[in-house]
1. From the list E72, E58, which residue is in a strand (DSSP E or B) and either in contact with a strand residue (DSSP E or B) (Cβ under 7 Å, 6 or more places away or on another chain) or under 24 Å from Q118 (Cα atoms) (or both)?
2. In the range 49-78, what count of residues is obtained for those that are in contact (Cβ under 8 Å) with a residue 24 or more places away in the chain and open to solvent by less than 80 Å² (accessible area, probe 1.4 Å)?
3. State whether the residues of the range 144-159 include one that is surrounded by 12 or more Cβ atoms within 10 Å (Cβ to Cβ), under 28 Å from S69 (Cβ atoms) and within 22 Å of the chain's Cα centre (by Cα).
4. Please tell me if G131 is open to solvent by 20 Å² or more (accessible area, probe 1.4 Å) and either within 20 Å of T28 (Cα to Cα) or among the small types (G, A, S) (or both).
5. Restricting attention to the range 23-48, report how many residues are at positive phi and open to solvent by 40 Å² or more (accessible area, probe 1.4 Å).
6. Where in the range 112-178 are there helices (runs of 4 or more DSSP H), lying fully within it, with 3 or more residues that are under 26 Å from T57 (Cβ atoms)?
7. Closer than 14 Å to L98 by Cβ, at pLDDT below 95 and either open to solvent by less than 70 Å² (accessible area, probe 1.4 Å) or part of a loop (DSSP other than H, G, I, E, B) (or both), is that true of T20?
8. Kindly indicate whether K113 is under 24 Å from T34 (Cβ atoms), loosely packed, with under 15 Cβ neighbours inside 10 Å and modelled with pLDDT of 95 or more.
Amino acid sequence: SALPNGIEVLAAQSTETPTTSLLLKIPTGLYYETPAQAGISNLLAEMLNESTKNYTTEAMSMALEKLGSQIEFSAGQQYLEVYVASLTKNLPATLALLEEKLLNPAFDENDFKRLQQQTLQGLQNAEKNAGFLAQQAYNKLMYGDHISGYNPAGTLQSVSQLTALQLKAYYLQQLKPK
């Protein structure tokens, strides 16, 4: 079924434990990027795991811990995924925190710079891995310069040139119901 705002909802129920798990897939990811901005969806997911306008990263973590809940953002080729796990009785409070994370990200410049540096370090380390290099060569042969051949984390060049302002603009463009 679909919500009034057009978001499609698929669900499965299990009564074995009093928990609820949700996986939200928002159509954005590598396929929505240009080569110059490769990795921006990955950085966006990482930023959505950080502070909001009303919660520091630590305060959000503590609020989720008190509820026995988890909210994690990740990005891939086609989607930004949001994994939510909660005790069923705490689902409304957990969804309120999810709403806070989705609608009020802080886009703190220090968080952005730290995550950008972590991503660059990860890409530098990956370039020393034979399996990663083989996959990159395969992708280049299969896809040429098409975005499909890029690593969802981006490239050293693309990630180093991204700014927090670009990230916020991408968020405003991509994370809205149609």
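The values are calculated or read from the model by the stated rules, or taken from the named source; none is laboratory data. Just so we're clear, the structure is a prediction, and the values are computed from it rather than from any experiment. Glycine gets a Cβ as well: all are built from the backbone with ideal geometry, and neighbour counts include every protein chain shown. Areas reflect the complete protein model, heavy atoms only, side chains present, ligands, DNA and RNA absent. Shrake-Rupley method; radii C 1.70, N 1.55, O 1.52, S 1.80 Å.
1. E72
2. 17
3. Yes: one or more hits.
4. Yes, satisfied.
5. Within the range 23-48, residues that are at positive phi and open to solvent by 40 Å² or more (accessible area, probe 1.4 Å) number 0.
6. In the range 112-178, the matching helices (runs of 4 or more DSSP H) lie at 156-161, 164-174.
7. Answer is yes for this residue.
8. Answer is yes for this residue.
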